[in-house]
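Taking it in order: structure first as structure tokens, then the write-up.
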Amino acid sequence: MRSARAAIRAGIVIGLCGALLVGCGSGDEPEGDRASGAKGATGAKESTGTEGTTGPSGGPSAATSGDGPTGSTGSTGSTGSAGSEGGEKGGTASGEPGGTAAPGATPALDTTPTPDFVADPALVPKNRADALTLARAVITRPTEYGRGYGKGTPYESDPGDWNVLDTSCNWQREGLPRTVLASFTRRGQLPPSGAKGLVRISSTVTVHRTTSQADWEMAETLEEALRCPDQRLGGSERVQQLMSLGSAFGQSGNLTADDSLMERGEFIDESGGGAPAHYAWNQSRLGSVTVSVVVKGGKGHTPLELTTAQIQAMTSMVNRLKNALGGTE
């Protein structure tokens, strides 16, 4: 399973790094949004060495809602980067066959940081009731998006179902799979004012039974971005030209979660004239829990102000989640 997730990531990275204009392997990433298959982008993150060493790679996640993707967290696989004949073929860093290190060669050290937060197992939800209690405690309040934001319509989702991207690239509400204990969404909005249009924003907390299952949600989200770069969210709303990218802990500035995804694209409300607006989806995973924020912009709002609202919401949820799960940091 871990090797399968690594393979998915590796394939996605090659196609998306150029599209997002980022230096894959350099650790430098733009601050833009992320839109990946309806939910966050998840390019594979690899720790590439010049000596055929192996490093953790970030993973994708599956998302869920008509508001945009909501699953989140990539799994970490171990993929080798080749030096001449290194990597899977078992060659040495110098390209010599046989798996024997060249004379005087110094083994490369894996300096990839590991997450510094470990949840207290006693505080991790084991049943649906505890999962929903956690989700309600962590989810964003409308005022945390910024000045002027209030409740959206509908305000809260049914925690017993979530959004699923079907084979026709349409988002549908379905009952939760047995691997998910609860998935709770709360919506906010910034009403139109003067020359500026309506902004829709929503946050989701999803609690899985295991960390591995949450990891797979992140991985599946990546695949969805490639499969459906254009998606219909429901009603008159759709998104297009989605691109996504994922970062494991310690990569591309991710120092807050086990895994992080971002997705960027264009949001279109056909009932409002159909002019493209900013669309962004971000998701982070801590253990078996994922948190995500989706922003659907409106006329006159800059990506910077919308990204600020998104970051404020994500930061508040990640901090509350860490407090709720206790553990060490």
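The values are calculated or read from the model by the stated rules, or taken from the named source; none is laboratory data. Please read all numbers here as calculations on a predicted model, not as lab measurements. Glycine also receives a Cβ, built like all others from the backbone with ideal geometry; neighbour counts cover every protein chain displayed. Heads up: the accessible areas ignore ligands, DNA and RNA and are worked out on the full protein's heavy atoms, side chains in. Shrake-Rupley method; radii C 1.70, N 1.55, O 1.52, S 1.80 Å.
Can you give me the accessible area per residue for segment 143-233, using a 1.4 Å probe, in Å²?
On the way: 4060 Å² over 91 residues.
For segment 143-233, the solvent-accessible area averages 45 Å² per residue.
Once R0 is set to 41 Å, what does the formula 1/(1 + (r/R0)^6) return for the Cβ-Cβ distance between residue 127 and residue 230, expressed as a FRET efficiency to the nearest 0.05?
Working: r = 38 Å, r/R0 = 0.94.
It comes out at approximately 0.60.
Could you rank 281, 216, 162 by how accessible they are, 1.4 Å probe, largest area first? Please report the intermediate quantities before stating the final value.
Numbers: 281 0, 216 60, 162 25 Å².
Correct descending sequence by accessible area is 216, 162, 281.
A convex hull fitted to the Cα coordinates of segment 175-326 yields 119 cubic angstrom per residue.
When only alpha carbons are used to place a centre, segment 188-248 and segment 260-329 end up 8 Å from one another. With a threshold of 22 Å on the Cα-Cα distance, the over-threshold entries among 196/296; 126/296; 126/322; 151/296 are 126/296.
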